[in-house]
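Remarks on the structure that follows.
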Amino acid sequence: MERIHAFGDDALGDLDAVGLVEALRAGRVSPTELVEAAIARTEAVNPALNGLAHEAYDRARARAGATRGFGGYFDGVPTFIKDNVAVRGWPTMQGTDAWDPRPMPTDGAFARVFLGTGLVPLGKTQMSEFGFSGSAEHPRIGPVRNPWNTDFTAGASSSGSAAFVAAGVVPMAHVNDGGGSIRIPASCNGLVGLKPTRGRLPLDRETAQMPLHLVANGVVSRSVRDTAAFLREAERVYRNPKLAPIGDVAQPSKQRLRIGVCTHSISRDASPEIRELTLKTAALLEELGHRVTEIDNPVPARFTDDFLIYWSFLAFAVVRGGRRMFGPSFDRTRLDNITLGLERKAARNLHKLPLAIRRLSASHRITARQGAEFDALLMPTLAEVTPPIGHLDPTQDFDTVMERLVDWVAFTPLQNATGDPAISLPLAESANGLPVGMMLSSTRGREARLLELAYELEEARPWARIQG
């Protein structure tokens, strides 16, 4: 098994983002040194991982070398932005090459917050086409590979960001999640991936105009404190007044929680290996003094069909409105079989869309009722171990690849519909040596509870490091 990473004796070392901030403030490193080290690391691993969508090294160098900082806690820390949010002067290609690149005229709503924390992006990262697949395997761009073993997928849609963070290129990077796209690659690559509560962070205009807001922005990181610090700092730039603030979560809580554990998704049981690993995590929680109860999944089976109807509608919107959204060079013949197959599915099921949206919108009532009984839920992030490259190849027959995708990504879509927060933690390892994520969720606005629990688990069972 070949591992690909860039950790070494340079300015970045093996520090997380908070560690780099401390080094910057102590004068041990400079922003320019950090950016140059991250550029060198990108160039070292990208040929193997294929995570880079757009490079903007000169802009990063200029920002790092400015005599006056740009403000924000993370000022000078290098990062990447996923290629589906608008950044002024950069193209946004959404994981496809179906139109000619064109620079965005302004920063989108999320980029303004992200950049306001002081992070210095080196460019944009690869993703699956429009984020519709759990594996980025574009037939012309090529697959994004897992740094723990390049024969396997890095997950998706936020694949490039996760692969680069896991490989040590940058300490954390932007991701977003419309059906699991923070938590899936976090699980595959051994990272912390928290999908925030709906509305916690802003969405770009096109995403915000959709009838149901499945998508949430966030980061993947190698430490709980980095994710907590990002949310703290983002909240200083933008705060949704409808949500209680997360604040500065810096340690575990002494409160013992009621935790429900479920290894059955809406549609299937987790594989025997994944179930065993999940129950081992449940046993750890019990050892730590939490009250753990195994439960059945309370969500009706029709949820999967409703989610797929709405998911396919999103493909219908981008395919049918492609020229208006992406310009006259848009060419639908360059889209992959997943996007086109979802568009066809939507065309056959548009009459079912209003009811599907109503039921998905009401799904938060189910988890709200559970919230009266449990403080958090534990589930596996994914129903099976990470698949090899090719398993979700979008050149395959649409029905084949969608059946495999739905089977694998069976646990994560629920929180996108409910809007609840959920976090994937790299608490387990498969028999073939790949990371396996465990997912904890809670009710709306309870990110702080999840972070406190994550700190406790990180301390009790430190996760594996790719560099050994």
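The values are calculated or read from the model by the stated rules, or taken from the named source; none is laboratory data. All values derive from a computational prediction rather than experimental measurement. Reconstructed Cβ throughout: ideal geometry from the backbone, glycine too, with neighbour counts over all protein chains shown. Side chains included, ligands, DNA and RNA excluded: accessible areas come from the protein's heavy atoms. Shrake-Rupley method; radii C 1.70, N 1.55, O 1.52, S 1.80 Å.
A few points about this structure:
- Cα gyration tensor shape for segment 337-468, rounded if a/c is under 1.5, else prolate or oblate: oblate
- A Cα-only calculation for segment 267-311 places Rg and Dmax at 14.5, 42 Å.
- In segment 388-429, one over the average inverse separation of all distinct C-alpha pairs is 12.4 Å, which is the Kirkwood hydrodynamic radius.
- P(r) tail fraction, segment 205-342 - alpha-carbon pairs more than 25 Å apart, %: 59
- Segment 412-468 pair-distance distribution - Cα-Cα, 5 Å bins, rounded %: 4, 18, 24, 21, 16, 12, 5, 1
- Here Ala372 and Arg302 are evaluated by their C-beta separation; at R0 = 35 Å the FRET efficiency comes out at 0.90.
- Estimated translational D of segment 269-367 in µm²/s (Stokes, Kirkwood radius over Cα pairs; 10 °C; 1.306 mPa s): 94
- Net length available on complete extension from Arg334 to Ser361 is 6.4 nm, with 0.36 nm assigned per residue and the Cα-Cα distance removed.
- Dipole axis of the chain (+1 Lys, Arg; -1 Asp, Glu on Cβ), positive-most option in Tyr238, Ser187, Thr333: Tyr238
- Structure-based [θ]222 nm, the chain - -39500 (n - 2.57) summed over DSSP H runs of at least 4, per residue, nearest 500: -11500 deg cm²/dmol
- Arg461 paired with Lys280, simple spin-label distance in nm, labels 7 Å along Cα-to-beta-carbon: 0.7
- Quarter of Cα convex hull surface for segment 329-385, i.e. mean projection, nm²: 7.4
- Cα-based reach from Lys345 at 20 Å (exclusive), listing aspartates and glutamates while leaving out same-chain residues under 8 positions away: Glu129, Asp305, Asp306, Asp331, Asp336, Asp393, Asp397, Asp399, Glu403, Asp407
- Magnitude of the charge dipole for segment 69-130, about its Cα centre and with charges confined to Cβ atoms of Lys, Arg (+1) and Asp, Glu (-1), is about 160 debye.
- In this simple spin-label model, placing a label point 7 Å from the Cα along the Cα-to-Cβ direction at both Ser267 and Asp100 gives a separation of 4.0 nm.
- Nearby lysines by direct alpha-carbon distance to Lys195 (threshold 23 angstrom, same-chain neighbours under 8 apart not counted): Lys82, Lys124, Lys242
- Cα shape, segment 190-267, gyration tensor, a/c 1.5 rule: oblate
- Overall form of segment 95-172 per C-alpha gyration tensor (a/c, 1.5; a/b vs b/c): oblate
- Among 405-415, 444-454, the order from most to least packed when residues are scored by Cβ within 10 Å on average: 405-415, 444-454
- Principal axis box of segment 59-135, alpha-carbon based, largest edge first, Å: 40, 25, 21
- Of all accessible heavy-atom area on segment 76-190, the percent that carbon and sulfur account for (1.4 Å): 49
- For segment 296-375 and segment 46-88, distance of Cα centres in Å: 32
- Using only side-chain charges placed at the Cβ, +1 for Lys and Arg and -1 for Asp and Glu, the dipole size of the chain relative to its Cα centre rounds to 1740 debye.
- A protection proxy built from the mean count of other Cβ atoms within 10 Å ranks the segments 187-193, 234-240, 313-319, most packed first, as 187-193, 313-319, 234-240.
- Here is the P(r) of the chain: all C-alpha pair distances, binned every 20 Å from 0, give 27, 61, 12, 0 in whole percents.
- Averaged over residues, the count of other Cβ atoms within 10 Å places the peptides 392-398, 135-141 in the sequence 135-141, 392-398, highest first.
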